[in-house]
Amino acid sequence: MLVLDRVGKTYPNGVNALERFSTEIRLGEIVAVIGGSGCGKSTLLRAIAGLDRASYGAITLDGEALTAPHPKVGIIFQEPRLLPWLSVADNIGFGLSDVSATERRERVAAALAKVGLSDKAKAWPRELSGGQAQRVAIARALVVRPEVLLLDEPFSALDAFTRRDLQDHLLDLWSETRPTLVLVTHDVDEAVVLADRVVVMRPRPGRLFEQAEISLARPRDRNSELFETTKRRILTALDRSLDQAAPDPTAAAETGDALWW
Amino acid sequence: MTMTLDTPVESTQSLAPPSAARWRRWTRPALGLLLPLTAAVAWEWAVAAGWSNGRLVPPPSTVISTIDELARSGELFRHMATTLERVGAGFALGVAAGTVLGAISGYWGLARQLLDPTIQALRAIPSIAWVPLFILWLGIFELSKVALIAVGVFFPIYLGVMGAILSVDRKIVEVGRTFRLSGPAMIRRILLPAVLPAYVVSLRVGLGLGWMFVVAAEFMGASEGLGYLLIDGQQLGKPAQILAAIVIFAILGKTTDWLIEIAAMPFLRWQDAFAPSRGAF
């Protein structure tokens, strides 16, 4: 279980990006974090990834403190961040330096097949489209078999068709090994399609505002009435989170448990 | 209803007929030779027509026959070999020192604060100012000459390496961090490949300066080398010999620069860089 206990982050310039964020994420759960700009979503993700240290509070995975990048935690960024001097296959195998060459080849080939890019194994990253590059980034993150995969707005730079395609593809890949996914997104549609739970954050400073369980069965029909209703509820919560006059639920219940719908 | 078809897009290079590609391979170097050859032919014609006596600026035919004479006597190769040895040794020393110190300054902030102000101050000193000191310290023979060339090569390499490391994309470094690369692994797998294009450029700049500094070095009482040929030509009033030495400098400089370019090419195939030669302009 991934546990965030009153996690806060204040940057050296005094900006209070994240304040007393607490939640518990079960193994295999998909949690979407949404909120307006500057609400600390990416700060939260970077703290879990160990790229930035939290100023206070604790992040633990199965009881082990996460203070630096951890082998069980992978991350996919907004941009693919492929290494331009490595082929697609070598990019995917980048994190597999501690396994034998044979196993690395097999796992990379399997990952390439899963993301539908077997024919691009020897291509340079510059030869890929945006969607293909992001598929490679997904394969690179999943090939090391993380228990927790963090996704920082991974599809936001893609067109609507590619985004939808990759969302479905991500779910297919997730269903194979069921790692815990923590997805930061601006896209309510994406949150409702993918997540078991949506965490709404409030900006300045970034705090947990509300949480919502999404109990829709998968695969989710984006055109169903229930999908629309769920989306509207999330949007309402998002609107309220941006209203500074709205009462702060975290003041009443720090973990946010009492606010679940 | 609109349907889209996935059409494989091939690069324009592969679409070009082989004969056109062959034609381009030969025309590009030929284009580079067009200007100097036109100037040479024009000057030859001007001297032949009697518009100039060609005494101070000899025509290309005289320069070529001087080169031929020097080559036949074996003198040319002796001078070329001496100069190449000096440039080679100075370049190797300058590259080694510039790479190590540039990497240290680029990678560690404390080292940069400690080293960089001094190195930048030394960089501002005119190269010729080192000559008397090097002669005093290292003598009039090879060591002082090699040291002067190494000084010339050192600064562009140092600046190039330090600047390239400082400008490596933080996002790429974070990829290495997420995969928990150790310090040496981060340098080998992320930083070195990332700085390679800038490093190659600084090597070429450094080599160019090495060729410039070897002339200054060979003015310091040399009895061999292309720089000596220049001085000798000036003192004995042989402009054809001076021009012959200049032409040889140009050929050697361009050839060694081209060798670096060729050697680096396989390592830089991945670059997604603007390439006007591909026909953008």
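Numbers for the structure displayed
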quantity: Single unsatisfied condition, residue B:264 versus (1) surrounded by 19 or more Cβ atoms within 10 Å (Cβ to Cβ); (2) within 14 Å of chain A (Cβ to nearest Cβ); calculated: (1)
quantity: Qualifying residue in segment A:79-94 (condition: more than 18 Å from the chain's Cα centre (by Cα), within 12 Å of chain B (Cβ to nearest Cβ) and open to solvent by 40 Å² or more (accessible area, probe 1.4 Å)); calculated: yes
quantity: Any hit, segment A:17-34, residues being among the charged types (D, E, K, R), modelled with pLDDT under 95, open to solvent by less than 40 Å² (accessible area, probe 1.4 Å) and not in a loop (DSSP other than H, G, I, E, B); calculated: no
quantity: Among (1) open to solvent by 50 Å² or more (accessible area, probe 1.4 Å); (2) within 14 Å of chain B (Cβ to nearest Cβ); (3) not in a loop (DSSP other than H, G, I, E, B), the one test that residue A:71 misses; calculated: (3)
quantity: Output for segment A:196-239, where each listed residue is under 27 Å from residue A:164 (Cα atoms), of a type in the set (Lys, Arg) and open to solvent by 50 Å² or more (accessible area, probe 1.4 Å); calculated: A:218, A:232, A:233
quantity: In segment B:98-143, the residues that are farther than 21 Å from residue B:203 by Cα, in contact (Cβ under 8 Å) with a residue 60 or more places away in the chain and within 23 Å of the chain's Cα centre (by Cα); calculated: B:128, B:131
quantity: Residue, nearest to residue B:265 (Cα to Cα), within segment B:182-199, restricted to residues that are more than 8 Å from chain A (Cβ to nearest Cβ) and open to solvent by less than 30 Å² (accessible area, probe 1.4 Å); calculated: B:197
quantity: Any hit, segment B:200-215, residues being within 14 Å of chain A (Cβ to nearest Cβ) and touching a residue at least 60 places away in the same chain (Cβ under 8 Å); calculated: yes
quantity: Members of segment A:114-156 that are open to solvent by less than 50 Å² (accessible area, probe 1.4 Å), assigned to a helix (DSSP H, G or I) and facing chain B (nearest Cβ under 10 Å); calculated: A:125, A:137, A:140, A:141
quantity: Members of segment B:126-178 that are within 14 Å of chain A (Cβ to nearest Cβ) and open to solvent by less than 50 Å² (accessible area, probe 1.4 Å); calculated: B:164, B:168, B:172, B:173, B:174, B:175, B:176, B:178
quantity: Hey, residue A:111 open to solvent by less than 50 Å² (accessible area, probe 1.4 Å), outside any loop (DSSP other than H, G, I, E, B) and either of a type in the set (Phe, Trp, Tyr) or out of contact with any Phe, Trp or Tyr (no Cβ under 8 Å at 6 or more places or on another chain) (or both) or not; calculated: yes
quantity: Residue B:92 within 24 Å of the chain's Cα centre (by Cα) and in a helix (DSSP H, G or I); calculated: yes
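The values are calculated or read from the model by the stated rules, or taken from the named source; none is laboratory data. Predicted model only: the values in this text are computed from it and were never measured. So basically every Cβ, Gly included, is an ideal-geometry build from the backbone, and we count neighbours across all protein chains shown. The accessibility values were calculated without ligands, DNA or RNA, using every heavy atom of the protein model including side chains. Shrake-Rupley method; radii C 1.70, N 1.55, O 1.52, S 1.80 Å.
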